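Visitor: Before I ask anything, here is the structure I am working with.
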Amino acid sequence: MNVSVDGEPMTAAPGQTVAGLLLAAGRSSWRSTRGGGRPRGVFCGIGVCFDCLVVVNGVPDVRACQRTLADGDRISTQHGAELPS
């Protein structure tokens, strides 16, 4: 499957999560906190902590450890929480 991460084309395996793809690519963080900009990535890996949030196809606050990739997905890093306006 072909996906993109911050505009960079990447190849994902069927069934692979966003977090699995990012970790396999050598990335340990892909979000920063609102207060202080501290780096975040996978912490719990089971969808409880919400540290691994990313933007998928324009939808913010998606847990990377829970989201299975689909062909054509566009993944973007996220800064803090993207609150609804």
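Visitor: Quick one: accessible area per residue over the chain, 1.4 Å probe, rounded to a whole number of Å²?
Guide: With the other protein chains kept in place, the chain gives 56 Å² per residue.
Visitor: Suppose the chain between Glu8 and Ala25 were pulled fully straight at 0.36 nm per residue; how much longer would it get relative to their current alpha carbon spacing? Before the final figure, lay out the partial values.
Guide: Details: separation 17, 0.36 × 17 = 6.12 nm, distance 1.15 nm.
Fully extending the segment from Glu8 to Ala25 adds 5.0 nm.
Visitor: For the chain, which chymotrypsin sites (Phe, Trp or Tyr not before Pro) pass both filters: DSSP loop (anything but H, G, I, E, B) and at most 12 other C-beta atoms within 10 Å?
Guide: Details: sites: Trp30, Phe43, Phe50; in loops: Trp30, Phe43, Phe50.
Sites meeting the loop and neighbour criteria: Phe43.
Visitor: Sorted from largest to smallest, which semi-axis lengths in Å does the alpha carbon gyration tensor of the chain give for its equivalent ellipsoid, taking the root of 5 times each eigenvalue?
Guide: Equivalent ellipsoid of the chain: 20, 14, 12 Å, largest first.
Visitor: May I pose another question? Taking θ as phi - 60°, what are the ³J(HN,Hα) couplings along the stretch 60-76 by the Karplus curve (6.51, -1.76, 1.60), each to the nearest whole Hz, with x for Gly and Pro?
Guide: Those phi angles translate into x, 6, 8, 6, 4, 6, 10, 8, 7, 5, 10, 4, x, 4, 10, 9, 10 Hz.
Visitor: Here is a follow-up. Sum up the charges of everything whose Cβ sits under 11 Å from the Cβ of Asn57, counting Lys and Arg as +1 and Asp and Glu as -1, but leave Asn57 out.
Guide: Result for the local shell: +1.
Visitor: For the chain, modelled as a GNM with alpha-carbon contacts under 10 angstrom, which of Asp51, Asp71, Asp61 fluctuates the most?
Guide: Asp71
Visitor: Quick one: which residues, 5+ away or cross-chain, put their amide H under 5 Å from the amide H of Val5? H built at 1.01 Å from N.
Guide: Amide H to amide H, under 5 Å and 5 or more residues apart or across chains, Val5 pairs with Met10, Ile75.
Visitor: Taking θ = phi - 60°, what integer Hz values does the Karplus form 6.51 cos²θ - 1.76 cosθ + 1.60 yield along the stretch 19-27, in sequence order, with x for Gly and Pro?
Guide: 4, x, 5, 5, 5, 5, 7, x, 9
Visitor: What is the sum of charges, Lys and Arg at +1 and Asp and Glu at -1, for the other residues whose Cβ falls under 9 Å from the Cβ of Met1?
Guide: -2
Visitor: Go through the chain and flag any cysteine with no other cysteine's C-beta closer than 4.7 Å, please.
Guide: Singleton cysteines: Cys52, Cys65.
Visitor: With θ set to phi - 60° and the Karplus curve 6.51 cos²θ - 1.76 cosθ + 1.60, what are the ³J(HN,Hα) couplings of the stretch 29-39 in order, to the nearest whole Hz, using x for Gly and Pro?
Guide: Once rounded to whole Hz, the list reads 9, 8, 9, 10, 6, 5, x, x, x, 6, x.
The values are calculated or read from the model by the stated rules, or taken from the named source; none is laboratory data. All values reported here derive from a predicted model rather than from experimental measurement. Note that we place each Cβ from the backbone using ideal geometry, even for glycine, and neighbour counts take in every protein chain shown. Surface accessibility is based on the protein's heavy atoms, side chains included, excluding ligands, DNA and RNA. Shrake-Rupley method; radii C 1.70, N 1.55, O 1.52, S 1.80 Å.
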